[in-house]
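The values are calculated or read from the model by the stated rules, or taken from the named source; none is laboratory data. Worth saying up front: this structure is predicted, and the values here are computed from it rather than measured. Quick reminder, even Gly has a Cβ in these numbers, built from the backbone with ideal geometry, and neighbours come from all protein chains shown. All accessible areas refer to the heavy atoms of the entire protein, side chains included, with ligands and DNA or RNA removed. Shrake-Rupley method; radii C 1.70, N 1.55, O 1.52, S 1.80 Å.
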Amino acid sequence: MRRFYNGLLTAVATVVMLSATQDVCAKKSKSESQDIYAFAISLSFSDSIMYTTGIRKIADVTVKDKYFLNERGEYAEQFKKWLEEGGAPLQVSSLFFYNSRSKAERQFRNVSKRAMKKHECSIVTVPDFQFKQI
């Protein structure tokens with residue numbers, strides 16, 4: 001009898017789990033192509049310099065659900081490789097992006113302030129770097 005109840009409980013749990021997953025999978029994410037304003041930062045744990053790009057417009061990228069950029073890692077990697085080829089080894093990069101220039105400028109100021117205050121970094125803006133379209 002115990003085996004029967006364990007089997008029944010397993011079957012019910014499986015059905016509940018499958019129906020919950022169908023609801024999650026049935027949701028379609030909104031993807032749209034748009035222009036974004038982005039900047040990247042990069043630092044090394046062995047150095048007190050934070051490298052930044054200026055705010056750059058990147059045209060026609062796909063943003064899902066308003067906040068998720070598929071190519072975010074690739075854009076950050078572009079900046080990291082560019083710095084490492086220029087002689088700044090062991091960099092860790094991150095990309096920030098927004099759909100309006102004013103939001104990007106505000107966040108750029110906040111990130112710069114936080115880096116100078118908390119981490120005591122000097123900030124070097126790299127004017128030559130441009131993101132390549134992916």
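With respect to Asn110, determine if the residue is within 21 Å of Gln130 (Cβ to Cβ), open to solvent by 60 Å² or more (accessible area, probe 1.4 Å), of a type in the set (S, T, N, Q) and modelled with pLDDT of 70 or more.
Criteria not met by Asn110.
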Just for region 65-99: of the residues that are open to solvent by 70 Å² or more (accessible area, probe 1.4 Å) and part of a strand (DSSP E or B), which one is farthest from Ile123 (Cα to Cα)?
Phe68
By residue number, the members of region 35-50 that are open to solvent by 40 Å² or more (accessible area, probe 1.4 Å) and modelled with pLDDT under 90 are Asp35, Leu43, Phe45, Ser46, Asp47, Ser48, Ile49
With the structure loaded, tell me whether Ser102 is surrounded by fewer than 13 Cβ atoms within 10 Å (Cβ to Cβ), outside any strand (DSSP E or B), out of contact with any helix residue (DSSP H, G or I) (no Cβ under 8 Å at 6 or more places or on another chain) and modelled with pLDDT of 85 or more or whether it fails that test.
yes
It is to be established whether one or more residues within region 74-92 are in contact with a helix residue (DSSP H, G or I) (Cβ under 7 Å, 6 or more places away or on another chain), closer than 20 Å to Ser112 by Cα and touching a residue at least 40 places away in the same chain (Cβ under 8 Å).
yes
Among the residues of region 101-117, write down those that are within 17 Å of Ser42 (Cα to Cα) and of a type in the set (Ser, Thr, Tyr).
Ser112
Can you list residue pairs whose Cβ atoms sit under 7 Å apart, with the first residue in region 51-64 being in a loop (DSSP other than H, G, I, E, B) and the second being open to solvent by 10 Å² or more (accessible area, probe 1.4 Å)? Count only pairs 6 or more apart in sequence or on different chains.
Gly54/Thr125; Gly54/Pro127; Ile55/Tyr37; Ile55/Arg101; Ile55/Glu105; Ile55/Phe108
Restricting attention to region 113-134, the residues that are in contact with a Lys or Arg (Cβ under 9 Å, 6 or more places away or on another chain) and open to solvent by 60 Å² or more (accessible area, probe 1.4 Å) number exactly 1
For Cys121, which of the numbered conditions (1) modelled with pLDDT of 85 or more; (2) closer than 13 Å to Ile41 by Cα; (3) not basic (Lys, Arg) fails to hold?
(1)
